[in-house]
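Q: Here's a structure for you.
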Amino acid sequence: MRQFQFEYSDKSSFKKELVKIRQWCKTHVVSDVLFTIFSETVEKDRIQTVLDLIEKEMPGAKYFGCTTYGCIIDGMLCKTKIGVTCTLMEYPSTKLKLLQYKMNAENMDEVTSALAREIDENPWVSAVELVTTIYGMSMTGFCEGLSRIRPDVSVFGGGALDEGLDDVTACVFSKGYGIYQGGAAFLLIGGEDFHVTTTHIAGWKPLGRELKVTKAKGSVLYELDGKPAYDTYYKYLHIKNDENFFQNTLEFPFFYRHNGLDILRAPSACNDDGSLVMTADIEENVVTRMAYGDPWTILEIVKEGGAAIQAFYPEIITVFSCAARRTFWGDREVSKETMPFQSMVPTSGFYTSGEFLRTGTDVNQHNVTLVVAAMREGEIEERVTDSFQMGKESYSGTVSMINRLASFIEAATEELEEANRKLQEMAITDGLTKLYNRREIQNRINEATARFNGQAEEPLSAVSLIMLDIDNFKHINDTYGHKLGDDVLIGISDMLKSVIADNMPEAMAGRWGGEEFMVLLPEASEQRAMELAEIMRKAFAEIDFEQAGKQTVSIGVTEAKKGEDPDAISIRVDEALYMAKAAGKNRVSCK
């Protein structure tokens with residue numbers, strides 16, 4: 001595999017480059033030729049000129065590409081509007097196939113299903129490189145469809161853009177299909193001698209407290225912790241909703257876990273109602289945090305990613321970098337994170353509206369991320385690759401000020417969150433038994449009763465209660481002392497935890513008061529509750545307490561009736577417990 005890269009400036013110079021490549025192919029073994037064209041301009045006539053020249057000078061060559069927010073040639077931001085790479089396949093076993101589809105929000109599933117069928121019909125395929133337009137579409141369905149592709153196939157690529165960060169006019173193109181303003185183009189690559197590895201590099205780190213996404217739809221984030229999402233930027237960073245909003249928030253995207261990965265989501269605009277238009281979909285109910293971008297940290301993580309790629313011994317590297325990263329660095333500095341890959345092998349790519357990468361079986365859309373695809377033909381022992389070299393600024397050995405401040409804030413936030421967790425736990429937990437306290441188990445009973453009576457979401461078909469009282473507990477305290485009495489209370493609470501874990505994990509137990517305990521059983525009938533209560537009675541009777549020996553417990557059981565309130569159910573289970581006591585203790589009674 002060999003690659004030529006150049007910046008397109010005019011027809012004459014481009015034609016000369018094509019003639020050189022054609023001559024090189026005549027004197028070397030070449031099984032296939034692929035041109036990749038990334039254009040910062042959306043002028044279709046100019047793009048078509050490039051495609052027509054390829055068709056004329058090298059009619060057998062394949063080509064595909066898209067419009068972008070900038071091209072990467074020789075590891076650096078391209079100085080002209082169009083960057084071109086020509087990759088020559090040298091092994092006869094390596095195969096290429098191009099596919100392109102018109103795509104919109106309604107036919108995404110058809111597109112990904114058609115792609116999956118093509119891959120199934122061509123078992124040689126081991127990688128899919130994609131370029132796609134994104135404007136106005138949720139890409140969740142697209143990613144889900146790509147995830148259904150045969151699991152041994154790598155998937156990577158980027159979303160089309162243009163130089164004005166506008167994806168309305170963005171387009172994709174490939175040989176045999178033409179230029180589509182709304183569509184997706186796919187390059188299928190594979191063969192027994194073709195190898196690929198991929199990785200993604202973020203570099204932004206979580207900062208500050210956790211925030212729950214309480215309202216979101218597609219790529220619009222409405223609320224965090226029940227408040228307009230914009231409030232978070234204004235409260236913590238004093239970022240105003242003005243013409244500089246996008247630029248000012250680039251250093252602080254949101255960070256959360258999705259499909260087991262750390263995912264970044266950046267806002268591209270703020271609406272009048274305080275909702276944020278994100279660069280990709282974000283789900284409701286996920287827990288997110290702000291993240292910060294620090295050049296020193298980013299370059300260190302690039303260094304780690306580069307070392308992993310070097311071990312693969314690639315022949316070419318393609319990078320798909322978020323447009324936000326170009327804006328974050330600025331044009332003078334942005335190549336600091338891509339040029340190091342060029343120190344190994346030819347590196348090209350473009351700045352995207354979203355980066356796509358398969359990790360495991362899942363295909364995810366990333367933001368503010370650098371997706372790297374490294375490829376080669378042949379085995380590692382046949383390769384000689386230059387060492388991965390970072391710029392000197394990444395080896396200063398001095399941790400940046402923002403990095404130190406962020407580390408301090410991170411540690412302080414963790415301590416505060418841990419303290420808050422403990423306070424919340426103390427507020428609902430009985431100090432001795434570590435079960436729910438009376439107020440909390442009562443709250444849980446109230447919630448379950450409301451669900452049973454259809455007064456809340458996620459209805460319950462049944463609700464039962466179990467109430468336990470240690471027999472002769474006053475005698476234990478009077479005879480052996482309160483310390484041993486506490487041991488007996490801890491013993492019954494441990495028994496309840498164990499029985500619930502083994503038999504009904506969804507059940508909840510609490511200390512009702514003194515030596516009385518209450519167990520709430522969602523979705524449990526009276527019969528099931530009686531069975532569980534008998535298991536509890538026998539389990540407690542088997543415990544041999546120091547000095548006090550074996551003790552017993554009386555238990556009452558009841559099942560909720562439609563329309564009755566929590567007090568009525570609690571009174572009835574208490575009456576059932578009294579029946580067990582009156583009948584001689586150490587038994588289960590039901591009412």
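Just so it is clear, none of the values below were taken in a lab; they were calculated from the coordinates. In this text, all values refer to a predicted model and were calculated from it rather than measured experimentally. No Cβ is skipped: glycine too gets one built from the backbone with ideal geometry, and neighbour counts run over all protein chains shown.
Q: Can you find, among GLY65, ILE263, MET508, the residue sitting farthest towards the positive end of the charge dipole of the chain, where Lys and Arg contribute +1 and Asp and Glu -1 at Cβ?
A: GLY65
Q: How high is the FRET efficiency between ALA311 and ASN122 when r is their beta carbon distance and R₀ equals 41 Å, given to the nearest 0.05? Don't skip to the end; give the middle numbers.
A: Working: r = 29 Å, r/R0 = 0.71.
Efficiency for this residue pair is about 0.90.
Q: Turning to a different aspect of this structure: Taking H placed 1.01 Å from N in the peptide plane, check which residues at least 5 places from GLY157 or on another chain put their amide H under 5 Å from its amide H.
A: LEU130, PHE356
Q: First check a/c for the stretch 19-123, with a ≥ b ≥ c the square roots of the eigenvalues of its C-alpha gyration tensor; if it is under 1.5, answer rounded, and if not, answer prolate when a/b is larger than b/c or oblate otherwise. Could the numbers behind the result be given before it?
A: Numbers: a/c = 2.02, a/b = 1.14, b/c = 1.77.
Here the stretch 19-123 falls in the oblate category.
Q: Calculate the dipole size of the chain relative to its Cα centre from +1 charges on Lys and Arg beta carbons and -1 charges on Asp and Glu beta carbons; express the result in debye to the nearest 20.
A: On the way: 63 positive and 89 negative charges, 145 e Å.
Roughly 700 debye, rounded to the nearest 20.
Q: Quick one: 3J(HN,Hα) in Hz for the stretch 172-188, Karplus 6.51/-1.76/1.60 with θ = phi - 60°, rounded, Gly and Pro as x.
A: 10, 7, 6, 5, x, 10, x, 9, 10, 6, x, x, 9, 10, 10, 10, 8
Q: How do PHE540, PHE245, PHE6 rank when sorted from fewest to most other Cβ atoms within 10 Å of their own Cβ?
A: PHE245, PHE6, PHE540
Q: With a/c under 1.5 counting as rounded, go ahead and sort the stretch 121-197 into rounded, prolate or oblate using the C-alpha gyration tensor (a ≥ b ≥ c being the square roots of the eigenvalues; past the cut-off, prolate if a/b is larger than b/c, else oblate).
A: Cα axes put the stretch 121-197 in the prolate bin.
Q: Spit out the partnerless Cys residues in the chain, using Cβ distances under 4.7 Å as the pairing rule.
A: CYS25, CYS66, CYS86, CYS143, CYS171, CYS270, CYS322, CYS590
Q: Using modelled backbone amide H atoms (1.01 Å from N, in-plane), which distant-in-sequence or interchain residues come within less than 5 Å of HIS258's amide H?
A: Here the answer is ILE263, since their amide H atoms fall under 5 Å of that of HIS258.
Q: If the cut-off is 23 Å between C-alpha atoms, which lysines fall inside it for LYS97, apart from same-chain ones fewer than 8 positions away?
A: List returned: LYS26, LYS56, LYS62, LYS175.
Q: Figure the gain on full extension for VAL277 and TYR236 (residue separation times 0.36 nm, minus the Cα-Cα span) and round it to one decimal in nm.
A: Values: separation 41, 0.36 × 41 = 14.76 nm, distance 1.89 nm.
Computed gain between VAL277 and TYR236 is 12.9 nm.
Q: OK, next. Around SER126, which amide H atoms from residues at least 5 apart in sequence, or from another chain, sit under 5 Å from its own amide H, with H modelled in the peptide plane?
A: The answer is ILE189, GLY190, GLY191.
Q: Right, something else. What shape does the stretch 207-281 have by the C-alpha gyration tensor, where a ≥ b ≥ c are the square roots of the eigenvalues, rounded means a/c under 1.5, and otherwise prolate means a/b greater than b/c and oblate the rest? Walk me through the numbers on the way to the answer.
A: Values: a/c = 1.42, a/b = 1.33, b/c = 1.06.
It comes out rounded by the Cα gyration axes.
Q: While we're on this one: Starting at the first residue of the stretch 327-342, write each ³J(HN,Hα) from the Karplus equation 6.51 cos²θ - 1.76 cosθ + 1.60 with θ = phi - 60°, in whole Hz, x for Gly and Pro.
A: Karplus-based 3J(HN,Hα) across the stretch 327-342 equals 5, 4, 6, x, 4, 6, 10, 4, 6, 4, 9, 10, 4, x, 5, 5 Hz.
Q: Now for a different question. Using each residue's phi in the stretch 279-286, evaluate 6.51 cos²θ - 1.76 cosθ + 1.60 at θ = phi - 60° and report the 3J(HN,Hα) Karplus result to the nearest Hz, with x for Gly and Pro.
A: 7, 6, 5, 9, 7, 6, 6, 6
Q: What distance in nm separates the simple spin-label points at ALA456 and ALA269, each placed 7 Å from Cα in the Cβ direction?
A: Result: 4.0 nm between the two label points.
Q: In what sequence do HIS200, HIS258, HIS366 fall when counting other Cβ within 10 Å, fewest first? Please report the intermediate quantities before stating the final value.
A: Details: HIS200 19, HIS258 16, HIS366 27.
In order of increasing Cβ crowding within 10 Å: HIS258, HIS200, HIS366.
Q: Taking the Cβ of each residue in VAL220, VAL372 as the centre, tally the other Cβ atoms inside 10 Å and list the residues starting with the fewest. Write down the numbers at each step before the final one.
A: Numbers: VAL220 18, VAL372 28.
Ascending Cβ contact count within 10 Å gives the list VAL220, VAL372.
Q: Next question. To the nearest Å, what is the center-to-center distance of the stretch 134-192 and the stretch 483-506, using C-alpha atoms only?
A: Value for the Cα centre distance between the two parts: 56 Å.
Q: Additional query: What is the distance in Å between the Cα centroid of the stretch 21-75 and that of the stretch 256-327?
A: Between the Cα centre of the stretch 21-75 and that of the stretch 256-327, the gap is 29 Å.
Q: From zero outward in steps of 20 Å, how is the percent of C-alpha pairs of the chain spread across the bins?
A: So the P(r) values, bin by bin, are 18, 37, 24, 17, 4, 0.
Q: Can you tell me the dipole magnitude for the stretch 1-89 around its Cα centre, using point charges on the Cβ only (Lys, Arg +1; Asp, Glu -1), in Debye to the nearest 20?
A: Numbers: 13 positive and 11 negative charges, 53 e Å.
Roughly 260 debye for the stretch 1-89.
Q: Could you list, in their original order, any pairs among LYS81/LYS102; LYS483/LYS561; LYS217/LYS562; LYS20/LYS303; LYS215/LYS422; LYS474/LYS591 whose Cα atoms are separated by more than 31 Å? Intermediate values should be presented prior to the final figure.
A: Values: LYS81/LYS102 25 Å; LYS483/LYS561 40 Å; LYS217/LYS562 36 Å; LYS20/LYS303 35 Å; LYS215/LYS422 27 Å; LYS474/LYS591 26 Å.
As for pairs spanning more than 31 Å Cα to Cα, those are LYS483/LYS561; LYS217/LYS562; LYS20/LYS303.
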